[in-house]
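Structure first, commentary second.
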């Protein structure tokens, strides 16, 4: 995979980048550029912009002057944060508590991206949602299920890291399976160990599927960009199908914790 920028609409661009596990397997990563109603821009997540990708972003944003904020949504996505801040130092920098802890020398805004205060600040352009029933920042550094999901109203686009995925996976005899929306494979290990956690997760999924029922695009980090404009099934339906596939995991958790 080589870096590329995918134009979703006149107000949203998805930047597809590389992320290699053990320096070999490229599972990809992403950031997105979104235009606000006031004419300014925000970057969702951090990725080091190379060559023509940076030129395209700079061309859209008045050489970065019009980038109002860099919004880091996944607690465990920290590798590119310092570089993107250096590229656009005048953009306000937002993140989760883990971003603050890992990169304490950066000029973070006080509002955490998983807080209601932050969501209110950008409510004219976005809706944000934090998964319920699961650990947001797991004590296990290898469990990266949760992130803040962002829904860009103007482009009807969901930007999500890890929590939801859209993967092309190998099937029998190495033939690629049809890509499908799924939840991150660490769900069973990140459900909160308490009564009601499985139901809270179910309710949260149903809520975003209903609230974002008009979504036409899903930009997922370590996978692909899914565009379903005027097609069936809808993204909302795919999310609910993905939830159904997790019922065994959720029932097992209920049997153990209630």
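Observations
- All positions within the range 226-258 that are modelled with pLDDT under 95, in contact with a strand residue (DSSP E or B) (Cβ under 8 Å, 6 or more places away or on another chain) and assigned to a loop (DSSP other than H, G, I, E, B): 228, 229
- Candidates 169, 173, filtered to the one that is modelled with pLDDT under 90 and either closer than 30 Å to residue 199 by Cβ or surrounded by 20 or more Cβ atoms within 10 Å (Cβ to Cβ) (or both): 169
- Looking across the range 54-79, the residues that are within 12 Å of residue 99 (Cβ to Cβ) and surrounded by fewer than 19 Cβ atoms within 10 Å (Cβ to Cβ) come down to 78, 79.
- Checking each residue in the range 43-69 for being out of contact with any strand residue (DSSP E or B) (no Cβ under 8 Å at 6 or more places or on another chain) and assigned to a loop (DSSP other than H, G, I, E, B) picks out 50, 62, 63, 64, 65.
- Residue selected from the range 187-225 under the condition free of Cβ contacts under 8 Å to residues at least 40 places away in the same chain and assigned to a helix (DSSP H, G or I), by the criterion nearest to residue 13 (Cα to Cα): 209
The values are calculated or read from the model by the stated rules, or taken from the named source; none is laboratory data. Since the structure is predicted, the reported quantities are computational estimates derived from the model, not experimental observations. Cβ: placed from backbone, ideal geometry, glycine included. Neighbour counts: every protein chain shown.
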